[in-house]
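Engineer: Supplied in structure tokens, the structure appears directly below.
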Amino acid sequence: MSEEQEARQHFDHLTDEEVLECYELYRTNELKNVEIIDRYELKGVTSSSLLKCFPLFKVEKTCPFCTQQLLEVPTSKSNSSREYLCSECEHRMKDNRPSAYCYCEHCAAEREEEARIRREAQEQMYKANLEKLKERFPVPVARLSYDQLSLLDKVLLASLLPLREGELLPSKQMSRVNSILSPAGALDRHIYDSLTIKNIIYLVVSDLPEYVVHHLNEYAIDTMQNYRVNLTGLNGEPIELRNLETLIRSDFESIMSGDLTVTNDDIKGLKGLIEQIEVSESIVFLSHFCQRFNMPQPPAKTSDVIRKLLTEMSVSELAPYIRKAVERSALFIQSERCKGKPHAANTIPTNIESSVSYYRKKEWKMDGYDRLLGTEKSNLTSIIYDKLLVHLNVGFYQSVGDIFNCVDQFFNQFMAEELTSEIKQIGVHCSSKASCEQCQSTNLELLESQIGFIVLCLECKHSQLLPISTQEHN
């Protein structure tokens, strides 16, 4: 016995008109289910199973595909729509439109055709948007030679290499995970922008996820793109990423041994980056303590206060003062003068300065902090202090002023040696071709003095300063 026949047997004692009348009472909710069962003497039917017991009803509607008479499918009283079924092709309708749950041959074919049209439209949109992105982020026409990179370029590039995947550099989104690229992620954008502007790296548009290209989401485009390196070696061949890290590390070793010279601009840029790193390291501690004491982030001027204090204090030394300041501001919330957490957060910069001043007057010295959970060393920090300036033993436990002095002293010794050697060579060359201003003798000698190099005539003993512009060697 089919389900329809089994359901119909409950209504065998009723005419078709009475069965339809019973169903309409159910649909309009004029009577309760129990009342309908009692009124029409439906034996073996419970209130909860009444709907399932109704048979299919013939209606004056025909199927749009096979023109057969449709049957109405009983539906819940909470459903405002009427549903119909074709007994021939099993086409389902909801009121006067095809049902979303119809899987007949005709509807399946229509859905497949609609899906094909949508798929083709999406493919065309993807290709069009991809071309727009390629025009916006073109692949550099010419590759840069590795020897054109400055020291700062190598430092920034080296910080990205530990995150590489094959021959691709990571997206900004990947680098921001746990602030692994730079302290607190503060310098992440600076690293990417500096290298991209110089065409050292470029965006790989074709690696973007399809949904990003379809919708041209600016944030996703900015953060989810991978990058390629645009560098060639001395032989003119592209440099592979696995070899680039070794090459940069070798240059760092040569720089620290004095075999590879750096310019004043390199040193100036390196010191600027060091200051930014140390300030960002302190901001990491500040954020850590703000979270611990349930405080909002303090105003932007806090960075200026920290930058000033770091000239004579290390991040390690400053961290406990930052903690005291945040704790003090958190206690201020309980004061009647406090107007809320934002007001209390605004007192953090002043509290940092006053805490340092107070404890110094008392001649108390707090124990420096080590790195805490959530304040791990970033890639950029590791590259500068553990790969480049590894012999100087500077960083987290030294003030910015002390780090600068160490850097200046270290590089100045190589620059002074190079300058002295070059001046001597130029001086010998000049003295061999020059003649005495007094007697025109070419019998000259080059002497070194406190005021520089002097050319002495051995005939008339006349002396003169060597006419060399030292600006060429600064």
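Engineer: Filter the stretch 196-213 down to the residues that are of a type in the set (V, I, T) and crowded, with 21+ Cβ neighbours inside 10 Å and list them by number. Before the answer, list the steps.
Structural biologist: Taking the stretch 196-213 and keeping what is of a type in the set (V, I, T), we get 196-197, 200-201, 204-205, 212-213.
Answer for the stretch 196-213, where residues must be of a type in the set (V, I, T) and crowded, with 21+ Cβ neighbours inside 10 Å: I200, I201, V205, V213.
Engineer: Looking at the stretch 180-198, which of its residues are assigned to a helix (DSSP H, G or I) and either touching a strand residue (DSSP E or B) at 6+ places or on another chain (Cβ under 7 Å) or farther than 16 Å from R164 by Cα (or both)? First the steps, then the outcome.
Structural biologist: Of the residues in the stretch 180-198, the ones assigned to a helix (DSSP H, G or I) are 183-185, 188-197.
Within the stretch 180-198, P183, A184, G185, R189, H190, D193, S194, L195, T196, I197 qualify.
Engineer: If I filter the stretch 161-174 for residues that are among the aliphatic types (A, V, I, L, M), under 19 Å from the mean Cα position of the chain (by Cα) and at pLDDT 90 or above, do I get at least one hit? Outline the logic, then answer.
Structural biologist: Applying the first criterion (among the aliphatic types (A, V, I, L, M)) to the stretch 161-174 yields 161, 163, 168-169, 174.
Remaining after also requiring under 19 Å from the mean Cα position of the chain (by Cα): 161, 163, 168-169, 174.
Checking the rest, the ones that are also at pLDDT 90 or above come to 161.
Scanning the stretch 161-174 turns up at least one residue that is among the aliphatic types (A, V, I, L, M), under 19 Å from the mean Cα position of the chain (by Cα) and at pLDDT 90 or above.
Engineer: Which condition does I384 not pass, out of (1) under 29 Å from the mean Cα position of the chain (by Cα); (2) buried (at least 21 other Cβ atoms within 10 Å of the Cβ); (3) over 24 Å from P183 (Cα atoms), if it passes all the others?
Structural biologist: (3)
Engineer: Another one. Of everything in the stretch 338-390 that's basic (K, R) and not in a helix (DSSP H, G or I), which residue is nearest to E317 (Cα to Cα)?
Structural biologist: Taking the stretch 338-390 as the starting set, the residues that turn out to be basic (K, R) are 339, 341, 360-362, 365, 371, 377, 387.
Imposing the further condition that a residue be not in a helix (DSSP H, G or I) reduces the set to 339, 362, 365, 371, 377.
Numbers: K339: 31, K362: 16, K365: 9, R371: 12, K377: 17 Å.
Residue satisfying both the conditions and the ranking: K365.
Engineer: Further, regarding this structure: With open to solvent by less than 30 Å² (accessible area, probe 1.4 Å), closer than 29 Å to G236 by Cβ and either without any contact (Cβ under 8 Å) to a residue 12 or more places away in the chain or touching a His at 6+ places or on another chain (Cβ under 9 Å) (or both) as the only criterion, which of L161, L169, L156, L149 stands out?
Structural biologist: Details: L161 fails: either without any contact (Cβ under 8 Å) to a residue 12 or more places away in the chain or touching a His at 6+ places or on another chain (Cβ under 9 Å) (or both); L169 fails: either without any contact (Cβ under 8 Å) to a residue 12 or more places away in the chain or touching a His at 6+ places or on another chain (Cβ under 9 Å) (or both); L149 fails: either without any contact (Cβ under 8 Å) to a residue 12 or more places away in the chain or touching a His at 6+ places or on another chain (Cβ under 9 Å) (or both).
Just one listed residue meets the conditions, L156.
Engineer: Taking S78 as the residue in question, decide whether it is at pLDDT below 85, under 60 Å from the mean Cα position of the chain (by Cα), open to solvent by 60 Å² or more (accessible area, probe 1.4 Å) and among the hydroxyl-bearing types (S, T, Y). Let's see the steps before the verdict.
Structural biologist: On the way: at pLDDT below 85: yes; under 60 Å from the mean Cα position of the chain (by Cα): yes; open to solvent by 60 Å² or more (accessible area, probe 1.4 Å): yes; among the hydroxyl-bearing types (S, T, Y): yes.
Yes: the conditions hold for S78.
Engineer: Take the stretch 214-262 and flag every residue that is without any contact (Cβ under 8 Å) to a residue 24 or more places away in the chain and open to solvent by 70 Å² or more (accessible area, probe 1.4 Å).
Structural biologist: H215, N217, E218, Y219, N235, E237, R242, N243, T246, E253, D259 - these are the residues of the stretch 214-262 that are without any contact (Cβ under 8 Å) to a residue 24 or more places away in the chain and open to solvent by 70 Å² or more (accessible area, probe 1.4 Å).
The values are calculated or read from the model by the stated rules, or taken from the named source; none is laboratory data. Note that the coordinates shown come from a computational prediction; the quantities given were computed from them, not determined experimentally. All Cβ positions, even for glycine, are placed from backbone atoms using ideal geometry, and neighbour counts span all protein chains on display. Areas reflect the complete protein model, heavy atoms only, side chains present, ligands, DNA and RNA absent. Shrake-Rupley method; radii C 1.70, N 1.55, O 1.52, S 1.80 Å.
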